[in-house]
Amino acid sequence: MYCEKKIALVIPAYNEERLIGATLEHVPPLIDRIIVVDDASTDNMAAVVRAHMAKDSRVELIRHAENRGPGGGIITGYKRVLEEGGDIVVVCGGDFQMPLEQVTNLLDPLVRGEADYVKGNRFMTRGGAWESVPPNMPRTRLFGNMLITILTKIASGYYKIADVVEGFTAISREALEQVNWDRAWQGYGYPMDFMIRLNAHGMRVKDVPRRAIYLPGERQSQIKGLGYALRVSPMLLRGFFWRLWVKYVLWDFHPLVFFYALGMILFPVGLLVGLWLVWLQFSGVGVSGPKAILCALLIITGLQFLLFAMLFDMQESS
């Protein structure tokens with residue numbers, strides 16, 4: 001228990017035979033339940049977990065018949081905690097690369113009622129200030145992280161959140177009960193999809209600082225820069241339009257949807273007109289003043305509509 005709240009820890013894991021033991025050994029006493037979700041591992045991880053079950057009555061093993069992805073493992077754990085009646089669910093990986101000694105950083109905002117979903121941020125210092133890059137974060141992963149963060153800010157509406165791929169999180173039971181987890185994304189990219197769904201339901205999300213851990217020689221994140229961003233971009237685009245429809249049209253109404261719509265029409269049309277005018281100029285036809293002014297108005301007006309829509313979205317999500 002922590003502050004009279006029943007705390008559960010969900011550990012989605014796949015082929016973590018070597019590190020799942022160390023992860024379980026470092027779970028702090030304040031955790032009441034430990035649910036390891038074996039996502040159809042092909043190694044001996046399940047046997048390692050069962051050995052810990054004999055020593056620690058808090059541990060439970062759930063095995064998937066087929067691989068669903070890390071998001072699928074988390075969703076399975078979420079549903080299990082909902083069945084048992086836990087108050088807060090913490091999520092960490094089974095690769096011993098998340099600082100469980102800092103778990104109270106995640107729990108405190110939930111206990112105080114300041115947030116519904118709390119996630120770690122490896123770019124923040126203890127006092128809440130921002131660092132440029134965590135000292136031990138591989139530089140090859142920085143570009144992918146920042147690109148996906150920008151896309152996720154727009155898709156989710158949480159413009160003050162960063163390090164969106166972070167998997168060290170905690171969520172309240174109230175937030176768990178709001179989301180239809182059967183429709184949530186189960187593969188890599190799940191943290192971004194989860195935030196999109198939480199925003200649609202008006203949940204408060206908060207970043208807290210956490211220490212970055214990268215064990216030498218161990219498997220690192222799937223984030224490999226531009227390639228990863230391209231794989232998750234279609235999911236983010238679908239989630240963005242779904243969130244606008246659900247949050248600002250279906251369940252409520254806000255004129256920002258018109259700002260987004262006009263911006264998405266006028267800005268690209270202006271760019272196309274601009275390219276056409278450039279082609280005319282180089283082909284020797286020439287460009288008249290009214291045409292140039294029309295192009296500039298389309299681009300400027302479209303951009304303003306988009307920026308105002310993002311501003312209103314930021315205010316609604318703060």
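The values are calculated or read from the model by the stated rules, or taken from the named source; none is laboratory data. None of these values were measured; they are calculated from a predicted model. Neighbour counts are summed over all protein chains in view; Cβ atoms, including those assigned to glycine, are modelled from backbone coordinates with ideal geometry.
For the stretch 164-175, indicate whether the set of residues that are modelled with pLDDT under 95 and surrounded by fewer than 17 Cβ atoms within 10 Å (Cβ to Cβ) is non-empty.
no
Only one of (1) buried (at least 21 other Cβ atoms within 10 Å of the Cβ); (2) under 15 Å from residue 14 (Cα atoms); (3) not hydroxyl-bearing (Ser, Thr, Tyr) fails for residue 120. Which number is that?
Evaluating residue 120 over (1) buried (at least 21 other Cβ atoms within 10 Å of the Cβ); (2) under 15 Å from residue 14 (Cα atoms); (3) not hydroxyl-bearing (Ser, Thr, Tyr) leaves (2) as the failure.
Residue pairs, Cβ under 8 Å, 6 or more apart or interchain, first in the stretch 29-41 and at positive phi, second not small (Gly, Ala, Ser). List them.
40/14; 40/63; 40/64; 40/66; 40/67; 40/68
Is one or more of the residues making up the stretch 218-231 hydrophobic (A, V, I, L, M, F, W, C) and buried (at least 18 other Cβ atoms within 10 Å of the Cβ)?
yes
Evaluate the following for residue 267: is it under 31 Å from the mean Cα position of the chain (by Cα), within 30 Å of residue 115 (Cα to Cα) and outside the structural domain of residue 161 (by TED's automatic domain parsing)?
No: the conditions fail for residue 267.
List the residue pairs whose Cβ atoms are under 8 Å apart, where the first residue sits in the stretch 238-259 and is in a helix (DSSP H, G or I) and of a type in the set (A, V, I, L, M), the second is at pLDDT below 95 and surrounded by fewer than 17 Cβ atoms within 10 Å (Cβ to Cβ), and the two are 6 or more positions apart or on different chains.
256/316
Just a yes or no: is a residue in the stretch 5-17 part of a helix (DSSP H, G or I), in the same structural domain as residue 182 (by TED's automatic domain parsing) and in contact with a helix residue (DSSP H, G or I) (Cβ under 8 Å, 6 or more places away or on another chain)? Quick ask: steps written out before the conclusion?
At the first step, the residues of the stretch 5-17 found to be part of a helix (DSSP H, G or I) are none.
No, the stretch 5-17 contains no residue that is part of a helix (DSSP H, G or I), in the same structural domain as residue 182 (by TED's automatic domain parsing) and in contact with a helix residue (DSSP H, G or I) (Cβ under 8 Å, 6 or more places away or on another chain).
Filter the stretch 293-318 down to the residues that are in contact (Cβ under 8 Å) with a residue 60 or more places away in the chain and assigned to a helix (DSSP H, G or I) and list them by number.
The answer is 310, 313, 314, 316, 317.
Go through the stretch 31-42 and report how many residues are among the hydrophobic types (A, V, I, L, M, F, W, C), buried (at least 16 other Cβ atoms within 10 Å of the Cβ) and in a loop (DSSP other than H, G, I, E, B). First the steps, then the outcome.
Of the residues in the stretch 31-42, the ones among the hydrophobic types (A, V, I, L, M, F, W, C) are 31, 34-37, 40.
In the following step, the residues that additionally are buried (at least 16 other Cβ atoms within 10 Å of the Cβ) were identified as 31, 34-37.
Narrowing the set further to residues that are in a loop (DSSP other than H, G, I, E, B) leaves 31.
The qualifying residues number 1.
Of all residues in the stretch 16-30, how many are buried (at least 19 other Cβ atoms within 10 Å of the Cβ) and not hydroxyl-bearing (Ser, Thr, Tyr)?
Residues flagged as buried (at least 19 other Cβ atoms within 10 Å of the Cβ) and not hydroxyl-bearing (Ser, Thr, Tyr) within the stretch 16-30 amount to 5.
In the stretch 149-194, what residues are among the small types (Gly, Ala, Ser), closer than 21 Å to residue 316 by Cβ and in a loop (DSSP other than H, G, I, E, B)?
157, 162
Considering the stretch 181-203 alone, what residues qualify as being surrounded by 22 or more Cβ atoms within 10 Å (Cβ to Cβ) and of a type in the set (Asp, Glu)?
Across the stretch 181-203, the qualifying residue is only 193.
Can you spot a residue in the stretch 52-63 that is small (Gly, Ala, Ser), on the phi < 0 side of the Ramachandran plot and surrounded by fewer than 20 Cβ atoms within 10 Å (Cβ to Cβ)? So that I can check it myself, show each step before the final result.
Filtering the stretch 52-63 down to residues small (Gly, Ala, Ser) leaves 54, 57.
Going one step further and asking which of them are on the phi < 0 side of the Ramachandran plot, we end up with 54, 57.
Then drop every residue that is not surrounded by fewer than 20 Cβ atoms within 10 Å (Cβ to Cβ), which leaves 54, 57.
Scanning the stretch 52-63 turns up at least one residue that is small (Gly, Ala, Ser), on the phi < 0 side of the Ramachandran plot and surrounded by fewer than 20 Cβ atoms within 10 Å (Cβ to Cβ).
Are there strands (runs of 3 or more DSSP E) fully within the stretch 43-128 with at least 1 residues that are farther than 25 Å from residue 18 by Cα, β-branched (Val, Ile, Thr) and modelled with pLDDT of 95 or more? List them.
88-91, 117-121
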